[in-house]
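Scroll down for the structure; my scribbles are underneath it.
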Amino acid sequence: MKNNILVALLLMGGFYTTFAQKKTTYPVSGADNTTPSRSEYFSWINNEWDGGNAEQTRVNLDFFKWLHDTYGMQLDIYALDAGNIDGSSDYYGSMKSERFLKRYPNGFGALSQQAATMNTRLGMWGGPDGFGNTPQEAAERTEMIVSLFRDNNFALLKLDAACGNLRKEKWDDFDRMMTRARQYAPDLILLNHRLDLGPGMKHATTYLLGGDETYIDVHMTNDMTAPHHRAKALSRELTPNLTRLTEDCGVCISSCIDYWEDDLILQAFNRNLILSPEIYGNPWLMRDDEYAYLAFIFNLHRQYNAILVNGIVLPEKQYGPNAVSRGDESTRLITLRNLSWEPKKYVIHLDKEIGLTAKGKAKVRLYHPYIHDLGTYSVGSKIEVEVLPFRSALVKVTTKKETDKVLLSGIPYQIVNDKVGNVTEIKLLGNAGETYQVRLESNAKEFKTATIASELKQELLTGKTVKVTFAGNKIAGNYHRKLAVMKESAIPDDAETLYYATCFAADNNALEVRSLYRSGTTAIPQVQKARDAFFTQPVFRRKEVWDKNIFDGDPETAFAVNMVNGEQRVNGQSAFMLDLGENIHLDKLILQAGNTLGADRASVFISSDLKTWKEISYSSDAVLEINLSTEGSFRYFRLDVSPMRLTEVEGYSGGVKVDRSKWRANNLFRPYSGDLKTKKAWKSEFTLDRIDKGAYLCVALDGTHGIEGAWVGFKIDGQYVGAPDRAPSFISNVWEYAVRKSDKNYTYYLPLTEDMAGKKIEAYVLGFNEEVAITPSVWITAYPIPFETQALLLE
């Protein structure tokens with residue numbers, strides 16, 4: 001079998017050879033603390049416990065092949081997670097079973113060959129046992145697992161207590177199985193998640209760090225106010241003694257994607273575990289313009305991988321929490337973080353304090369959140385580095401000649417592509433109205449032409465500086481700043497309207513649907529196919545967690561109050577809220593609910609402005625039909641007891657079904673009635689003279705308010721505007737697991753648009769119980785950093 005695969009791959013121009021043919025020596029656990037990291041993606045949350053299939057895996061591998069071919073990004077391991085062979089709760093599968101062959105009719109051979117074309121190897125999730133009760137069953141289990149490494153060149157096996165524990169009487173079977181597997185893959189990474197493997201523990205490469213998964217706002221949720229959802233992820237502790245033989249689940253790119261890059265910088269360069277950089281989930285839900293930076297982080301890590309294995313913890317008083325310097329005597333990569341609302345400056349000692357013992361001059365270069373030459377200094381000097389609020393920073397200090405393909409001075413920049421093709425693309429970053437003196441510090445002789453913003457700049461190739469000016473007027477003040485500490489106020493008369501403004505601005509879709517809307521459409525075929533494979537998989541459709549299902553004309557799809565992981569609603573109450581996107585007239589509105597409407601009649605209301613609601617009578621059975629022929633135009637509809645499941649919502653005017661492309665709905669928010677009343681309020685008002693690109697308001701509720709006990713709404717120039725996002729996330733219908741609930745430190749977010757400049761903005765906080773004890777404040781920030789940009793092309 002392996003010879004057939006080898007021949008096939010050689011014919012394809014790929015590289016495929018078993019590690020038994022290599023002469024490298026590995027520890028019995030496959031790696032030690034001095035072993036360079038391997039990059040990994042694993043498929044959990046792309047699939048659930050049902051597992052994936054060959055076609056979805058093929059599509060996902062095509063995505064990573066596109067990253068490889070476009071940006072030179074190397075993924076070492078693609079790991080198939082739960083449900084592909086084994087499953088939860090002591091389910092041990094077989095690659096000969098009908099279940100497996102239905103999903104992978106040709107096994108893993110073609111997929112391992114596909115992965116090998118980009119020098120990637122597969123991995124597998126499973127349970128530790130499965131040896132049955134007879135010698136024959138033990139032999140079959142052993143052969144199946146060993147075959148993954150012998151015949152398909154797998155690189156990783158993740159064993160999880162979620163599948164069950166290893167019986168003591170099977171300890172020897174497990175030990176023998178792993179010993180055989182390592183004959184074919186001596187570098188095999190064995191991840192041990194909460195298991196006692198007896199004498200087989202010697203084969204385990206890692207243990208699970210803290211038991212934490214990193215699915216944002218599901219398993220990892222902010223416990224402080226912050227300008228984004230990933231503050232808790234950025235505050236993760238270091239491993240004991242900086243051990244690298246543990247697994248931190250990497251960075252989940254599936255929900256709440258903003259600031260993923262700060263998270264990944266710390267995972268890859270700060271903790272730098274044996275699996276780094278490590279990502280999981282659905283990276284195809286990122287924006288098209290973010291893939292270049294994802295590849296940059298992977299590529300930069302690979303460039304310094306060999307020396308990153310050596311790290312020291314830096315003094316917290318001087319460098320902030322969990323700062324680490326990694327490298328050798330002449331090159332250090334330092335990771336810093338700022339877990340506060342204000343920028344922080346740290347003083348870096350360019351000496352043995354950071355592990356730098358070489359003599360001479362030291363070049364200091366910031367690599368994240370952008371690249372910037374910070375200057376050249378004598379060893380023993382000190383330099384101050386600013387770290388932005390709730391972000392990480394990566395700084396390189398070296399006395400060696402730098403080997404980067406492109407090194408600029410005089411301007412911040414980001415690498416778009418310097419690995420693939422004949423054109424090297426750099427994104428120059430600058431502030432509006434400012435001029436920068438740009439110099440190419442390296443490899444000028446490798447290029448024949450240089451253009452900036454499509455204008456020829458050959459001087460760059462002769463060592464001269466070039467002026468680069470960014471259009472616009474100079475901007476005074478920082479894009480990130482505190483606007484107000486909110487004062488407690490009288491309860492506003494329009495508290496109900498403010499509450500509903502945010503209800504209708506937000507949604508209860510699965511977190512991955514929110515990520516899709518956040519990132520927008522893609523122009524990349526491989527990204528689109530991976531998205532389609534995820535959202536059209538049968539298990540996702542069965543979960544009924546997307547409001548678009550009730551506007552698609554398909555009676556087989558639905559939008560339901562998802563109870564898979566228990567009750568998500570507050571006190572079991574929720575309304576169905578429908579936003580038509582604009583004021584229109586309807587003769588009738590029909591809600592197709594099957595048998596899920598229930599016996600209790602609920603109140604129905606319509607409104608054109610969220611302020612004035614009119615109650616409407618209706619008839620109901622399996623279909624709720626509401627006669628609106630005598631009513632005026634409206635935009636908002638509310639049914640104060642939500643049906644548990646809706647298959648379709650339709651509107652008619654003049655006997656014709658109206659277009660529903662602008663319609664949105666949610667089904668988990670409470671109606672403003674009964675026990676939901678405003679007991680306290682805070683208010684602040686202000687005017688912004690400018691709105692930066694990507695700007696948004698953060699209303700931080702520092703303190704305790706209870707679960708869903710405080711709400712935020714706005715008025716802009718007298719118009720009601722809701723906050724569409726919040727950390728921790730608004731309640732969601734569940735894809736993998738429920739959004740974690742919190743009773744403190746919510747932060748609400750409002751994206752700003754240019755037309756809001758110069759208008760009076762009123763921010764309100766509504767407290768729904770007397771015990772609310774918070775200090776609300778309003779901040780403005782922007783993501784990404786609102787630089788102007790110009791393209792530098794070197795060819």
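What number, in percent, do you get for the relative contact order of region 369-417 if the mean sequence gap of Cα pairs under 8 Å and at least 6 apart is divided by its residue count? Let's see the in-between values first.
Values: 21 pairs, mean separation 35.7, N = 49.
Result for region 369-417 is 73 percent.
Which peptide among 750-760, 147-157 comes first, and what is the full order, when sorted by highest mean count of other Cβ atoms within 10 Å?
On the way: 750-760: 14.6, 147-157: 24.2.
Ranked by mean Cβ neighbours within 10 Å, highest first: 147-157, 750-760.
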**Request:** Using only the alpha-carbon atoms of region 499-550, report the extent along each of the three principal axes, biggest first, to the nearest angstrom.
**Result:** 41, 26, 16
**Asked** Using a 1.4 angstrom probe and counting only protein chains, how large is the accessible area of Leu356 in Å², to 10?
**Response** 0 Å²
**Message:** Can you show me the helix-derived [θ] at 222 nm for the chain, built from DSSP H runs with n ≥ 4 at -39,500 (n - 2.57) apiece and divided by the number of residues, rounded to the nearest 500.
**Reply:** -5000 deg cm²/dmol
**Prompt:** If Val604, Val423 are ordered by their accessible area, calculated over protein heavy atoms with a 1.4 Å probe, which sequence runs from highest to lowest?
**Reply:** Val423, Val604
**Item:** Inter-centroid distance (Cα atoms) of region 257-298 relative to region 696-745, Å
**Value:** 26 Å
**Asked** Given q = 0.12, 0.17, 0.24 Å⁻¹, what are the Debye log10 I(q)/I(0) values for region 150-218, with equal point scatterers placed on the Cα positions and solvent ignored?
**Response** -0.35, -0.66, -1.11
**Fill in**
Of the accessible area of the chain, computed with a 1.4 Å probe and all protein chains kept, carbon and sulfur make up a percent value of 49 percent
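Over the chain, with the other protein chains present, what is the accessible area per residue in square angstrom, probe 1.4 angstrom?
Accessible surface, normalised per residue, equals 38 Å².
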**Request:** Provide the solvent-accessible area of Thr403, counting protein heavy atoms only and rolling a 1.4 Å probe, rounded to the nearest 10 Å².
**Result:** 110 Å²
**Prompt:** Quick one: Cα centre-to-centre distance for region 474-551 and region 626-679, in angstrom?
**Reply:** 19 Å
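For a protection proxy built on the mean count of beta-carbon atoms within 10 angstrom, sort 53-59, 238-244 highest first, please. Can you show the working numbers first?
On the way: 53-59: 18.1, 238-244: 15.6.
In descending order of packing, they fall as 53-59, 238-244.
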**FRET efficiency for Val313 and Lys482, using Cβ-Cβ distance with R0 set to 45 Å, rounded to 0.05** = 0.90
**Prompt:** Using bins 5 angstrom wide from zero, how does P(r) for region 728-767 break down, in % of all Cα pairs?
**Reply:** 5, 15, 19, 17, 16, 13, 10, 5, 1
**Prompt:** What nm value, rounded to one decimal, do you get for the distance between Asp90 and Lys679 when each label is placed 7 Å out toward the C-beta?
**Reply:** 4.7 nm
**Request:** Provide Asp196, Asp212, Asp262 ordered by accessible surface of protein heavy atoms (probe 1.4 Å), highest first.
**Result:** Asp196, Asp212, Asp262
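Using mean Cβ contacts within 10 Å as the protection proxy, how do 325-333, 489-497, 360-368 order, highest first? Spell out each step's value before the answer.
Values: 325-333: 21.4, 489-497: 14.6, 360-368: 19.4.
Packing proxy ranking, top to bottom: 325-333, 360-368, 489-497.
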**Request:** Nearest 5 is fine: what % of DSSP beta bridges in the chain come out antiparallel, could you say?
**Result:** 80 percent
**Request:** Working with all protein chains in place, sort Val649, Val420 by solvent-accessible area computed with a 1.4 Å probe, largest first.
**Result:** Val420, Val649
**Asked** Which of the lysines could be linked to Lys396 by a straight reach, that is with a Cα gap under 22 Å, when you skip same-chain ones fewer than 8 residues away?
**Response** Lys317, Lys344, Lys345, Lys352, Lys359, Lys361, Lys363, Lys382, Lys405, Lys419, Lys427
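The values are calculated or read from the model by the stated rules, or taken from the named source; none is laboratory data. All values reported here derive from a predicted model rather than from experimental measurement. Here the Cβ is made from the backbone with ideal geometry for all residues, glycine too, and neighbour counts use every protein chain on show. SASA here: full protein model, heavy atoms, side chains in, ligands and nucleic acids out. Shrake-Rupley method; radii C 1.70, N 1.55, O 1.52, S 1.80 Å.
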